[in-house]
1. Are any of the pairs 125/148; 70/129; 142/167 more than 20 Å apart by Cα-Cα distance, and if so, which?
2. Full-extension gain between residue 171 and residue 159, please, as 0.36 nm times their residue separation minus the C-alpha to C-alpha distance.
3. Under the 0.36 nm per residue contour assumption, what length would be gained going from the current alpha-carbon distance of residue 129 and residue 99 to full extension?
4. Order 129-138, 152-161, 54-63 from most to least packed using the mean count of other Cβ atoms within 10 Å.
5. So if R0 is 35 Å, what FRET efficiency would residue 248 and residue 82 give, r being the distance between their Cβ atoms, rounded to the nearest 0.05?
6. Any idea what the dipole of the stretch 57-161 comes to, in debye rounded to 20, about its Cα centre with Lys/Arg Cβ at +1 and Asp/Glu Cβ at -1?
Amino acid sequence: MPPLALLELAVKLFLLSADYFIDILLIMLLTWSLYPYFNYVLFFLKVECSNPSLLPEPGQRRSIEEPFVKIEMLTPKDYIGSLMELAQERRGEFKEMKFITENRASITYKLPLAEMVGDFFDQLKSRSKGYASMDYTFVGYKESDLVKLDVQINSDPVEPLAAIVHKDKAYAVGRALTQKLKELIPQQMFKVPIQACIGSKVIASESISAIRKDVLAKCYGGDISRKKKLLKKQAEGKKRMKAIGKVDVPQEAFMALLKLEKEVL
C-alpha cells in the first residue's frame, strides 16, 4: 500500500482504534520513512520507489531490490529451533549462532525488512513464551524475486491495495485479499468480480453475487412468455448497471486488510 494512502487511512482510523494507528505508524517508520520500500533497476539506472503503483511493467525494468536487515535474537536454548524456523519462514538467511552462556544463545539472520514488520516480534515472543528478545540493523538492498500484485474490483484497479510481494507468496496473499474483500464489501444490484492480478494474469478471484429482486412476485398464472420477458429485462438491466456501476470499498474493509499480513505470513 502506498505510504500516502496508508497515512490517510491511519488518520481516518485513529478515532476508531488507537492500537491500529500505532501499528500503522510503526510500520511507516520502519519502512517508508527510513528507507524506500524498494528499488528497481531501469536499464542501468537504479531508481528509489515507495509506491507500488509507480512500478514499471516487468518488460520495462531489469530487477527489483528490497531493504534487508540483520537481526540478532537472544533466546534460551530451549527455543532455538522454534526461532530458527520462524526466521526461515520469513525468507531469512542464517548467519551465525553462538552461546552467550550455557543456557542462552544468540542467533543471527539476514532477512527482508518487509518480513520483519508486522507480527514477527509477536511470533518471536509467542514461540519463546516471552523469554526471547531481538535487535536489528539495516544492511542495505538486495535483489529479490518480487512481483506487483494489483487488486481489481468490478474491473477497476484499486491503487491503495496494490502491493509488492514475493513471488512465492503472491498466490496466498492474492487469495486472502480477494476472500477478505468478498466478506467486507456489501452486495450490489449487480454481480461484482474481485480479482488479484500480476500484470494481466489473474491469480485469484472471487465474486459477490447480486441482490436479486423477485420480479415474478406479482406475475400470477402460467404465462411463461411473460415471465421470460420479465427475467430477460431484469438481466439486461443488471448488465447495464454492471457496465456503469461503481463499487465503493467501505472503510471497514481497509481497516481489516491492514492486519491481513498476520493471517497470511
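1. Working: 125/148 31 Å; 70/129 23 Å; 142/167 15 Å.
Among 125/148; 70/129; 142/167, the Cα-Cα distance tops 20 Å for 125/148; 70/129.
2. Numbers: separation 12, 0.36 × 12 = 4.32 nm, distance 1.85 nm.
Roughly 2.5 nm would be gained on extension.
3. 8.9 nm
4. My ranking of the peptides, most packed first, is 152-161, 129-138, 54-63.
5. Numbers: r = 44 Å, r/R0 = 1.24.
The computed FRET efficiency comes out at 0.20.
6. Using only the charged Cβ atoms, the result is roughly 500 debye.
Every number in this text was worked out from the coordinates using simple rules, so none of it is lab data. Values in this document were obtained by computation on a predicted structure and should not be read as measured data. Quick reminder, even Gly has a Cβ in these numbers, built from the backbone with ideal geometry, and neighbours come from all protein chains shown.
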